[in-house]
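Enquirer: The following block contains the structure, expressed as structure tokens.
The values are calculated or read from the model by the stated rules, or taken from the named source; none is laboratory data. For clarity, every value in this text was computed on a predicted model and none was experimentally measured. Counting neighbours? That spans all protein chains shown, and the Cβs are built from the backbone with ideal geometry, glycine included. The area values use the complete protein model at the heavy-atom level, side chains included, leaving out ligands, DNA and RNA. Shrake-Rupley method; radii C 1.70, N 1.55, O 1.52, S 1.80 Å.
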Amino acid sequence: MALVLMNGAAIIDLGTNTFNLLIVKQYGEEYRIVFKTKIPAKLGAGGFAEKIITPDAFERGIAAIRAHQMTIREHRVDNIYAFATSAMRDAQNGAEFVQEAESQTGIEINIISGDREADLIHKGVSRALEIGDEPELIMDIGGGSTEFVIANNKQVLWKHSFDLGVSRLFEHLKPADPLTESDIRRFEAYLNEKLSILFEAVDKYAISGLIGSSGSFESLAEMILENAGHENGLRGKTEYAFSLKELKELHGKLIKSNANERAQMKGLVAYRIETIPLASTFINYTIKKFSLSKIRLSTYSLREGVISELGTD
């Protein structure tokens, strides 16, 4: 059943790290994004091991939803669709958070499965760029989970959500700053252990390239563009083609840097300073593991995927 758009809709992606807001309105047969913003609520911070939303994170999350609600009112849209992912579906008090958010704001939150999350990510990526005839690997690194989807331009061939989000990994591995060679070896060994079903899927479907969905991939692209003197960065773009050389050079800088040095790096948002070395290592691992040379960014992800399910009244 299609979601109702009417004169506009607000889509809230309640991620483990950031609460993303997208507002769309209908113009004829076309849905246009009229506003988007994000708040680094860090809902999962400190709670992965015990599978809870900590009191501080609980307060940050409710405050972020209230802030988004004020923005939605300013844009006068009719419908709000809120989707919660890894941190909330894993937390023992996730249902309590949903109830409190609805009590304070009237916004109903839908906690979705990892499978559903992967579906929406694929739909979002498909709106941003053209997936080829040959299978490509879509990778979405979240805070709590990482989704992998293998798809061509006709269908999804395979998908899975892994509890390998970069904030969850950071709390589990507790790496040094800067990362050490030991940290990287330990991380890659952990990925080898946890990603066995992905390896089987890639063996079955010979993938032709990697598509990174939003998030950390977007930060890497912004940093590369800023360093190259492109002041507008990704503004107005839905995709970006990486070169292996530029990714390798940036990865080398990130894993050798400390937090203070990364804070000075152009194009890197503050809430990714802590985790971007691990995210870059995860991406570098994936590229090496599957011998990939074609790497693209989709600036669209889950929230844009919801647009594909909007219908008119």
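Enquirer: For region 284-313, which residues satisfy the criterion of being closer than 24 Å to A189 by Cα, open to solvent by less than 30 Å² (accessible area, probe 1.4 Å) and either out of contact with any Gly (no Cβ under 8 Å at 6 or more places or on another chain) or assigned to a loop (DSSP other than H, G, I, E, B) (or both)?
Expert: Within region 284-313, Y285, T286, I287, L292 qualify.
Enquirer: Identify, from the list A241, A221, A201, the residue that is within 20 Å of N153 (Cα to Cα), open to solvent by less than 50 Å² (accessible area, probe 1.4 Å) and not in a loop (DSSP other than H, G, I, E, B). Working first, answer last.
Expert: Working: A241 fails: open to solvent by less than 50 Å² (accessible area, probe 1.4 Å); A221 fails: within 20 Å of N153 (Cα to Cα).
Exactly one of A241, A221, A201 is within 20 Å of N153 (Cα to Cα), open to solvent by less than 50 Å² (accessible area, probe 1.4 Å) and not in a loop (DSSP other than H, G, I, E, B), namely A201.
Enquirer: Can you work out which of the residues in region 229-238 that are open to solvent by 60 Å² or more (accessible area, probe 1.4 Å) and modelled with pLDDT under 95 is nearest to E218 (Cα to Cα)?
Expert: R235
Enquirer: Also, I was wondering about something else. With I184, I150, I207 as the choices, which residue is more than 15 Å from the chain's Cα centre (by Cα), buried (at least 17 other Cβ atoms within 10 Å of the Cβ) and assigned to a loop (DSSP other than H, G, I, E, B)?
Expert: I207
Enquirer: Of all residues in region 172-181, which are surrounded by 12 or more Cβ atoms within 10 Å (Cβ to Cβ) and either out of contact with any helix residue (DSSP H, G or I) (no Cβ under 8 Å at 6 or more places or on another chain) or of a type outside the set (D, E) (or both)?
Expert: H172, L173, P175, P178, L179, T180
Enquirer: Within the set of pairs 6 or more residues apart or between chains, which connect a residue that is aromatic (F, W, Y) inside region 207-233 to a residue that is part of a loop (DSSP other than H, G, I, E, B) with Cβ atoms less than 9 Å apart?
Expert: Final answer for the pair search is F217/T299.
Enquirer: Would you check if there is a residue in region 58-67 being in contact with a helix residue (DSSP H, G or I) (Cβ under 9 Å, 6 or more places away or on another chain), free of Cβ contacts under 8 Å to residues at least 60 places away in the same chain, surrounded by 18 or more Cβ atoms within 10 Å (Cβ to Cβ) and not in a helix (DSSP H, G or I)?
Expert: Within region 58-67, not a single residue is in contact with a helix residue (DSSP H, G or I) (Cβ under 9 Å, 6 or more places away or on another chain), free of Cβ contacts under 8 Å to residues at least 60 places away in the same chain, surrounded by 18 or more Cβ atoms within 10 Å (Cβ to Cβ) and not in a helix (DSSP H, G or I).
Enquirer: So G144 fits all but one of (1) crowded, with 20+ Cβ neighbours inside 10 Å; (2) part of a helix (DSSP H, G or I); what number is the exception?
Expert: Every listed condition holds for G144 apart from (2).
Enquirer: Continuing with this model, one more query. Only one residue in L169, L164, L157, L195 is more than 20 Å from the chain's Cα centre (by Cα), more than 19 Å from K253 (Cβ to Cβ) and open to solvent by less than 50 Å² (accessible area, probe 1.4 Å). Which one?
Expert: L157
Enquirer: While we're looking at this one, here's another question. Could you please find all residues in region 262-283 being polar (S, T, N, Q) and either free of Cβ contacts under 8 Å to residues at least 24 places away in the same chain or surrounded by fewer than 19 Cβ atoms within 10 Å (Cβ to Cβ) (or both)? Can you show your working first?
Expert: So in region 262-283, the residues polar (S, T, N, Q) come out as 264, 275, 280-281.
Residue satisfying the conditions is Q264 alone.
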